[in-house]
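S.K.: This is the structure, below, for whatever I ask next.
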Amino acid sequence: MTPEGDLLHVVTRDAISAPRRAMGRLLIWGSFGLLVLVAALQALDVAGQIGLGLPNWRPTLYAYGFWATCLCIGQVVLKGEQGKRLVFVLPAALFTVAMVVFPLVFGLTIAFTDWNLASLTGRRFNGIDNMAQMWADPFYWNAMGNMVLYVAAILVEYAIAFGLALLLAAEIRARRFFRVAFLLPLMLSPVAVSWMIGKSMLEARFGPLARLARWMGWDSPSFFGSPEIARITIMVMDAWTFIPLMMIMLLAGLQAIPRELTEAARVDGAGPWKTFWEVTFPLMLPVSVTAILIRIIFKLKLADIVINVTAGGPGGATDTVTSFIFREYRDRSNVGYGTLLAIVYLVLIVIAMTVLMKLADRLTRPRT
Amino acid sequence: MKPELYHYAVRRGLTRRRLLQGAASAGAAAALGGVFTGAAGRPAWAQGNLRAEILKIPGVGMGSPTDADWQKVGELCLGPTRERVAQGEFAGVELTFMGLNNQNLHNFLFRGFLKPWEAYTGARINWIDLAQADYNARLQQSIATGTVDFDVLEMGAPFEGDTAGRGLLDEMPDWVKQQIEADDLVGYLQPPVGTWAGKSYRVTIDGDCHTFAYRTDYFGDGAIGGPSVPKTWQEVNAVSKALVGKTDPLTGLPAHGYLDPLKGWGGFGFYFLENRAAAYVKHPDDPAWLFDPDTMKPRVNNPGWVQAIQDVMDLIATTGAYPADQINADPGTTAFSQFLAGTGSMLMWWGDVGSMARTSDTSVVGDVVGFGINPGSDRRYNSRSGQWEDVANEAPNMAYIGWGVYVTARVSGDEKKRKAAWSAAAHLGGKDISLWMAAYPSGFQPYRNSHFIYEEWEAAGYDRAFVEDYLGSNADSYNHPNAAIEPRIPGIFQYYSIAEDELAKGFAGQYKSAQETADAIAAAWERITDQIGRESQIALYKASLGM
């Protein structure tokens, strides 16, 4: 151990010998070579080039596990104290690679194939044919258009959630009861919401809401009969489920605002609206942006209510990208095309969320 | 029998006298010991009247059968197995059985039936239980990824193309045909159903078809629907339009005619357009009605099919013909939320809707339901000549064809295991055990000619009128000479699924006409055929039609 250097962060400075370094490298690269070899042999076996008769990909998985273990040990052998630090992070990183990156790469390879599970010929590489099919697929773009409308509705949801959060942050009677009561819809599964609300309460003839609508003068209430009303009904059901999520986040933000700030504004003569608009709302911007971004992510996954209540109808008016992919994948066993649609959707989401986060960052940056 | 139907039959047919008779006979049998306890010293198959004996387990009106009852029936019906398999012959053999675990019993029942078979033969069965919704995906994925991990499979005939067509099934040995007395199957379940390229693969355990249910209070002298029940789709549409503005005699709400499901149902919704279309396009001289068997060119956009779509569009365009929100009604809605709740007067459905009319707590139409076969047409379209013919036509739709038990090719290389698998399948599909399955809750409908001996049902405690009504509607459909049989080709539900999507657009007015809607379906079907492989589809389609 040498006493010089960064004593604050480095407990010990190891003197790693050359043979030990060689041993570390051998451990890492040897196990990596084994992994490559096993994976290559399995690939050849699957392709029918050699006849190992392996029933599954477990040998490659075991080789990956062995390499991951050797990599971790190798870091310590190779780098000593620095290597030990890496071992704190490396297993998590390798696990993520195994659980996210591998499936993504596998998904990409499927996305560029013609793979209908009913086809006798199995999976065939078809270049950009799936992309061309997607480009000309009116169902996909219709669903994508619907998603824009669904996402736009988040602004209304945000306004309602903010109003409810302000209400629950105020000194009102039975505040705790209302906080719990308003959270209840969030505790329900969207499938339960689909059946309880969409299929029962909104049932056109005997549903209580239909009866109420008739009592109020709507002769023949139909909540899913026209494209516009059906879309709005789906939006309302989804909003009813997830507004509490935004509300609770905004409520937490409101409670974190120092009371002195609003009191100071009032002392300076600001009325309730000016206090809200000039003090509360700007201070809530970071929380608001976070709530909206999280809600967008939830909204982009919208499928269960649509699948259960309208199956995308009438005429695709309520279809979402996810519910369309579900039909393409599950009902039509069109794995190659369905995977491509999902990958494209993922890319679009990543791009859109990156842009939104940049904008949000700019929006919430303190103005000087 | 569908469980609901059993309860319906019990409620409808069981009198106090019969209940006492049943209890007395059960008591007497129990006093004698043996048969009902499964501890008989003499072999079960030696009994003089096995069929009558098993129909007394547990006895109509004695509550739903339990696992103990299934085991008793399985034990009593082991005779044919004992004739072909020595005791303990399959010791050490392990089989994996994949089937359904839904509310209609299926695997639960099979477990009970096969327990005495396992005890006698020495084989052991491992079970893969699937929810109905997961079944198709699990089967397709197993096939596509080469991970078929089951030896015996409960499967619907529509999937024969996906399995037999790929050589994944083991051919049925001749001794199995003899054991299950395959000649007893009703006509439409005879080959080519259950066969591919002349080889048999299926032990049939079920029959399926759509029958016509109607409200008896809508039809008759002075009734709002007219003096007689519609017999053709033309009459169905005319009545549906004429009922607009009238009041339902039962509920006092607006009256409606036929209930078309206008929303998709995972592919199953297409069966309901088929009901209409079959009457127009299923020509008695031609087994094909969905595709041209030589080219796989879809017939779904020929004038007959277009007429069926147009019929639906006509009713959509007639304000009040359908209930509000019909555009969002799937088949489940039309049957259970509408028809049984007193909305609408005519419906096509599988065999259980009539029974639920009596047994479901939400039903209000229990006393006013009648049955018939699929309505016909006063003209038919001949695909070969490309002309309409002014000849009346009827074509019951054998939707789904029913369940069967199949053995996979996994056992083909091991003769002992193969014999064990087929023995298990044959036990489930035996002639006598099938009568019990038809008469008690099992999830399966009658499917043998011997199931229509009304005296056996009556002797078991069923009401004769009920039996004749229920069995008669099935028998008339099964035995119809022009039944529309489902094509058993790979990916058949893919065709149905995309058709549902296109129909939804057509019904929502996004296409200009019925013809344009039908053309869109045909184009989508062509793409699926090309993707799956046209030549193989042609070959498999012909094989499924027995051509």
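S.K.: Show me the strands (runs of 3 or more DSSP E) found entirely inside segment B:302-396 where at least 1 residues are touching a Ser or Thr at 6+ places or on another chain (Cβ under 9 Å).
M.R.: Fully inside segment B:302-396 and qualifying: B:346-349, B:369-372.
S.K.: A further question follows. Check whether at least one residue in segment B:72-92 is acidic (D, E), in a helix (DSSP H, G or I) and surrounded by fewer than 16 Cβ atoms within 10 Å (Cβ to Cβ), and report yes or no.
M.R.: Yes; the residues of segment B:72-92 include at least one that is acidic (D, E), in a helix (DSSP H, G or I) and surrounded by fewer than 16 Cβ atoms within 10 Å (Cβ to Cβ).
S.K.: Restrict the check to segment A:190-210 and report whether at least one residue is assigned to a helix (DSSP H, G or I), within 21 Å of A:I296 (Cα to Cα), away from every other protein chain (no Cβ under 14 Å) and within 31 Å of the chain's Cα centre (by Cα).
M.R.: Yes: one or more hits.
S.K.: Suppose the filter is more than 29 Å from A:T113 (Cα to Cα), of a type in the set (G, A, S) and surrounded by fewer than 23 Cβ atoms within 10 Å (Cβ to Cβ); does B:G533 pass it?
M.R.: In short, no.
S.K.: I'd like the residue in segment A:215-235 that is surrounded by 15 or more Cβ atoms within 10 Å (Cβ to Cβ) and assigned to a helix (DSSP H, G or I) and, out of all such residues, is farthest from the other protein chains (Cβ to nearest Cβ).
M.R.: A:M235
S.K.: Which ones in segment A:312-344 are over 30 Å from B:F159 (Cβ atoms) and either more than 8 Å from chain B (Cβ to nearest Cβ) or among the aliphatic types (A, V, I, L, M) (or both)?
M.R.: A:A317, A:T318, A:V344, listed by residue number.
S.K.: Please note which helices (runs of 4 or more DSSP H) are completely contained in segment A:101-179 and include at least 3 residues that are within 14 Å of chain B (Cβ to nearest Cβ) and at pLDDT 90 or above.
M.R.: A:129-135, A:138-152
S.K.: Looking at (1) within 23 Å of the chain's Cα centre (by Cα); (2) surrounded by fewer than 21 Cβ atoms within 10 Å (Cβ to Cβ); (3) part of a helix (DSSP H, G or I), can you tell me which one B:K241 breaks?
M.R.: (1)
S.K.: Spot the failing condition for B:L250; the list is (1) within 14 Å of another protein chain (Cβ to nearest Cβ); (2) of a type in the set (A, V, I, L, M); (3) surrounded by 24 or more Cβ atoms within 10 Å (Cβ to Cβ), and only one is missed.
M.R.: (3)
S.K.: So, in segment B:467-492, of the ones that are among the aliphatic types (A, V, I, L, M) and modelled with pLDDT of 85 or more, which residue ends up surrounded by the fewest Cβ atoms within 10 Å (Cβ to Cβ)?
M.R.: This residue is B:A475.
S.K.: Whether any residue in segment B:312-326 is crowded, with 18+ Cβ neighbours inside 10 Å, away from chain A (no Cβ under 14 Å) and either among the charged types (D, E, K, R) or touching a residue at least 40 places away in the same chain (Cβ under 8 Å) (or both) is what I want to check.
M.R.: yes
S.K.: Residue by residue through segment B:119-159, note down the ones that are of a type in the set (S, T, Y) and part of a helix (DSSP H, G or I).
M.R.: Result: B:Y120, B:T121, B:Y135, B:S142.
S.K.: When you scan segment B:172-184, do you find a residue that is within 14 Å of another protein chain (Cβ to nearest Cβ) and either under 25 Å from B:R534 (Cα atoms) or in contact with a Phe, Trp or Tyr (Cβ under 6 Å, 6 or more places away or on another chain) (or both), even just one?
M.R.: no
S.K.: Which of the numbered conditions does B:K177 fail, given that it passes all the others? Conditions: (1) over 25 Å from B:I433 (Cβ atoms); (2) modelled with pLDDT of 90 or more.
M.R.: (1)
S.K.: Take residues that are of a type in the set (F, W, Y) and in contact (Cβ under 8 Å) with a residue 24 or more places away in the chain and tell me which of the helices (runs of 4 or more DSSP H) falling wholly in segment B:438-512 contain 3 or more.
M.R.: B:464-478, B:492-507
S.K.: Further, regarding this structure: Within segment A:288-311, how many residues are more than 14 Å from every other protein chain (Cβ to nearest Cβ) and touching a residue at least 40 places away in the same chain (Cβ under 8 Å)?
M.R.: The total comes to 14.
S.K.: Of the conditions (1) modelled with pLDDT under 95; (2) within 14 Å of another protein chain (Cβ to nearest Cβ), A:K358 satisfies every one except a single condition; which number is it?
M.R.: (2)
S.K.: Another question, then. Answer yes or no as to whether B:V411 is farther than 19 Å from B:D184 by Cβ, crowded, with 24+ Cβ neighbours inside 10 Å and not assigned by TED's automatic domain parsing to the domain that holds B:Y322.
M.R.: no
S.K.: Any chance segment B:446-454 includes a residue that's closer than 30 Å to B:R138 by Cβ and crowded, with 24+ Cβ neighbours inside 10 Å?
M.R.: yes
S.K.: Return the residues of segment B:448-469 that are within 21 Å of the chain's Cα centre (by Cα) and among the hydroxyl-bearing types (S, T, Y); say none if nothing qualifies.
M.R.: Passing the criteria: B:S450, B:Y454.
S.K.: Restricting attention to segment B:160-201, which residues are assigned to a loop (DSSP other than H, G, I, E, B) and either in the same structural domain as B:G344 (by TED's automatic domain parsing) or under 30 Å from B:F339 (Cα atoms) (or both)?
M.R.: Scanning segment B:160-201 gives a single hit, B:V186.
S.K.: If you scan segment B:493-527, which residues turn out to be aliphatic (A, V, I, L, M), at the interface with another protein chain (Cβ under 9 Å from one of its Cβ atoms) and surrounded by fewer than 24 Cβ atoms within 10 Å (Cβ to Cβ)?
M.R.: B:A508
The values are calculated or read from the model by the stated rules, or taken from the named source; none is laboratory data. A quick note: this is a predicted structure, and the numbers were derived from the prediction, not measured. Using ideal geometry, Cβ is built from the backbone for each residue, glycine included, and neighbour counts are taken over all protein chains shown.
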